[in-house]
Amino acid sequence: MAGRRILDAGCGAGPLFAALRERGAVVSGIDVSAGMIERARLRLGMDADLRVADIAEPLPFADGEFDDVIASLVLHYLEDWGPALAEMRRVLRPGGRLIASVNHPTAEYSIERVQGRRPDYFETRAQAAEWSVGDQLVKVTFWNRPLHAMTDAFTAAGFRISRIAEPPPVPEARELFPSDYHLLATAPSFLFFVLQAE
């Protein structure tokens, strides 16, 4: 990890950026939210390479600038992955890695089935959600899509799939989410991809 040039695409308040930097990586972070970049600056310091940028637009970096791009729980906010993946591929060196995590395609599908709805797993569709952040209500839209749509998008953008993982929850989740832990531990919530730029 030491010396690797890594782009944290969708860095939010910077927790992953901080962890990568502590391990010796040379990290740049982007987020579409100026407020999140401001929070990241408070955490990481004024010298951190943080920029407001939309991953679906041309990125402010040179071709082949990074060894790795990490997009943690970012892509599922986009209806069309094509432009974002093309830009991530462009800023990666040949052979560089895109490491991406997304909501598992069966997670929301299963929840909706239990609630009596009949979603179409094979359809790419929007789903609205609301979160409380402090005293504010934040509304977001996720785009659920089937696994084949994800893998097709990656390969169309010039990536080869090296690994797919469905990680179980970390041990601390038992204490953090005691009423939901059994459900979290017996069905996948997230899907991780390691992709190589060809």
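Rg to Rh ratio, region 98-198, alpha-carbon atoms and Kirkwood radius?
Rg/Rh for region 98-198 comes to 1.00.
Per residue of region 37-44, in order, report the coupling 6.51 cos²θ - 1.76 cosθ + 1.60 (Karplus, θ = phi - 60°) as ³J(HN,Hα) in whole Hz, putting x for Gly and Pro.
Per residue, the Karplus-derived 3J(HN,Hα) values read 5, 4, 5, 4, 4, 4, 6, 9 Hz.
Between residue 51 and residues 5 or more places away or on another chain, which pairs have amide H atoms under 5 Å apart, with H built 1.01 Å from N, and which residues are they?
Here 29, 30, 31 satisfy the definition.
May I ask you to order 103-112, 42-51 by the average number of other C-beta atoms within 10 Å around their residues, highest value first? Mind dumping the intermediate values first?
Values: 103-112: 17.4, 42-51: 13.9.
Ranked from most to least packed, the peptides come out as 103-112, 42-51.
Order 69-77, 93-101 from most to least packed using the mean count of other Cβ atoms within 10 Å.
Peptide ranking by packing, descending: 69-77, 93-101.
Rg to Rh for region 27-103: what is it, with Cα atoms only and Rh by Kirkwood?
Ratio of gyration radius to Kirkwood radius: 0.95.
Out of residues 5 or more away from residue 78 or on other chains, whose amide H comes under 5 Å of its own, with H placed 1.01 Å from N in the peptide plane?
Amide H neighbours of residue 78: 143.
Going out from 0 in 5 Å bins, what whole percent of all Cα-Cα distances in region 91-141 drops into each bin?
Using 5 Å bins, I get a P(r) of 4, 13, 17, 17, 13, 13, 12, 7, 3, 0 for region 91-141.
What's the FRET efficiency of residue 115 with residue 42 using the Cβ-Cβ distance as r and R₀ = 41 Å, to the nearest 0.05?
The calculated FRET efficiency here is 0.60.
Please compute the contact order of the chain in relative form: average sequence separation of alpha-carbon pairs under 8 Å and at least six residues apart, divided by the residue count, as a percent.
For the chain, the relative contact order is 19 percent.
Of the residues 159, 17, 142, which exhibits the maximal mean-square fluctuation in a Gaussian network model of the chain defined by a 10 Å Cα contact cut-off?
Sorting by GNM fluctuation, first place goes to 142.
Read the figures in this text as sums done on the coordinates, not as results from a lab. Quantities reported herein were computed from a predicted structural model and do not represent experimental measurements. So basically every Cβ, Gly included, is an ideal-geometry build from the backbone, and we count neighbours across all protein chains shown.
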